[in-house]
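Derivation of every value follows stated rules applied to the coordinates shown; laboratory data play no part. All values reported here derive from a predicted model rather than from experimental measurement. Using ideal geometry, Cβ is built from the backbone for each residue, glycine included, and neighbour counts are taken over all protein chains shown.
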Amino acid sequence: MSERPLTVLFLPESAYGPTNNCVGIADVLRRRGHRVVFAAEASWAGRLEPLGFVEDLVDLAPPLEPGAGGQDAGQFWKDFIRDTAPEFRRPTVEQLESFMVPTWQALIDGARYCEPQLREILRRQQPDVVVEDNVVAFPALMTCGAPFVRIVSCNPLEVGGRDVPPAYSGLPSDDASEWASFRAEYDRTHRPMWAEFNDFVQANGAPPLPELEFVHTSEHANLYVFPQVVDYTERRPLDPTWHRLESSVRATEQPVELPADFLDPPEGSALVYLSLGSLGSADVDLMRRLVSVLAATPHRYVVSMGPQHFEYELAENMWGAEFLPQTTILPLVDLVITHGGNNTTTEAFHFGKLMVVLPLFWDQYDNAQRVHETGFGVRLATYDFTDAELTGAIDRLLGDTALRQRMAEEAQRIRAADGRTAAADLIEQVARAARG
């Protein structure tokens, strides 16, 4: 490499989706000879260094007392989601106060708590560029002297506009009748918290936050992960700092060995992947319901069982584990049943898999609605679907040969765009331009 290697610092949200997205991009940069530092949440200790990255981690809350034992990666959010799961049964507009506000507050509290520690990490690491894949601001990133790159790895409705549905609503794009009331309720429930956080951000030397947004937009480069075929581009034009990544699929996961009869299922039996994400699968009652319904079908299921895996059992036509290498499994299956997290949604498009979507929280409703209204899958009511609705959706999607072919063709285009490399290129460009 003719130029001096860069030091690139990533700060992802603690959940698996944003962290895995950053890992995929960071791995491209590492392979180019750059030094990559992860200022991830402390429960990721020991998970990132084996991939070739520097771990310089932050605490989002006071550390556990001595002797209390460590936390699994992402445990902070697993516990939070488990404890608030009953709220997922409420309409999205009601979740604004009962779930969204406490979630934002937890994120804000973490940003506040780690601010002094993060400033020390930045002083120690001296990055050439900082990359944030999170939904709240960290003033230290904006004031450290390095250029700032933002990644949006949630549904791009988080980058709002007048002619698109409000984020987190799951409302349709072709019916604006409920948009205004949802936005008004969001303003009512979120403005006091936003104003207080905005004061904190400015008191720590960072610019004011955009109106009713909790994170800054970069003046250098903003990246978001979403395939063009389901994007809102015509309804919500963006300025030139914004760059869409068709997908951003990591290449760091291990192979997986499925049972022989799963790789060669009998006639009339498809191979289906079931994953509600590391957070959604913590809802044991929902996982038990899905197991019960799917056990009566002729198909085989690979199940990502999640952190509460010891609390339920799989049926005979199922195989799974607490965690599975998703990007290794997706190419093998015929269909995906998902919660609609942005990582799983975009990875399903990357590998050309239609989806049945059972949204639970945050942007999952928006992904579910967009997949449904663009015809690449079926959105179901997560807690109110009937057995026939779920099994019927599976059979219809598996039997739609033309739609499956169209999805496969879109996947070829998405993979050719090589989002990880495109992201790495942009991050390099920002850092080189700032260095001069």
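Per the Debye formula with a single identical scatterer at each Cα and no solvent contribution, what log10 I(q)/I(0) holds for the chain at q = 0.12, 0.13 Å⁻¹? Relative scattering, expressed as log10 I(q)/I(0), comes to -1.02, -1.22. Based on C-alpha pairs under 8 angstrom that are at least 6 apart in sequence, the chain has a relative contact order of 17 percent.
For the listed peptides 359-372, 187-200, 208-221, a ranking on the average number of other beta carbons within 10 Å per residue, highest first, reads 359-372, 208-221, 187-200. Centre-to-centre, using Cα atoms only, the range 99-176 and the range 370-420 are separated by 29 Å. Take each peptide in 110-119, 9-18, 43-52, count the other Cβ atoms within 10 Å of every residue, and average; sorted highest first, the result is 9-18, 110-119, 43-52.
Evaluate the range 260-416: find the radius of gyration of its Cα atoms, find its Kirkwood radius, and give the ratio Rg to Rh. Kindly include the intermediate steps, with their values, before the conclusion.
On the way: Rg = 14.3 Å, Rh = 15.4 Å.
My calculation of the ratio gives 0.92.
Ellipticity at 222 nm from helices only: DSSP H runs of n ≥ 4 in the chain, each -39500 (n - 2.57), divided by the residue count, give -12500 deg cm²/dmol. For the range 260-416, averaging the sequence separation of C-alpha pairs within contact (under 8 Å, six or more residues apart) and dividing by the residue count gives a relative contact order of 21 percent.
If you stretched the chain out fully between residue 235 and residue 98, how much longer would it get, using 0.36 nm times the residue separation minus the C-alpha to C-alpha distance? Mind showing how you got there, number by number?
Working: separation 137, 0.36 × 137 = 49.32 nm, distance 3.01 nm.
46.3 nm is the gain from fully extending residue 235 to residue 98.
Mind checking Rg over Rh on the range 263-316, alpha carbons, Kirkwood formula for Rh? Intermediate results must be reported in sequence, preceding the final value.
On the way: Rg = 11.5 Å, Rh = 11.7 Å.
Dividing the radius of gyration by the Kirkwood radius yields 0.99.
In a simple Cβ point-charge model (Lys, Arg +1; Asp, Glu -1; nothing else charged), the chain has a dipole of about 1120 debye relative to its Cα centre.
Kirkwood analysis of the Cα pair distances in the range 344-416 returns a hydrodynamic radius of 12.6 Å.
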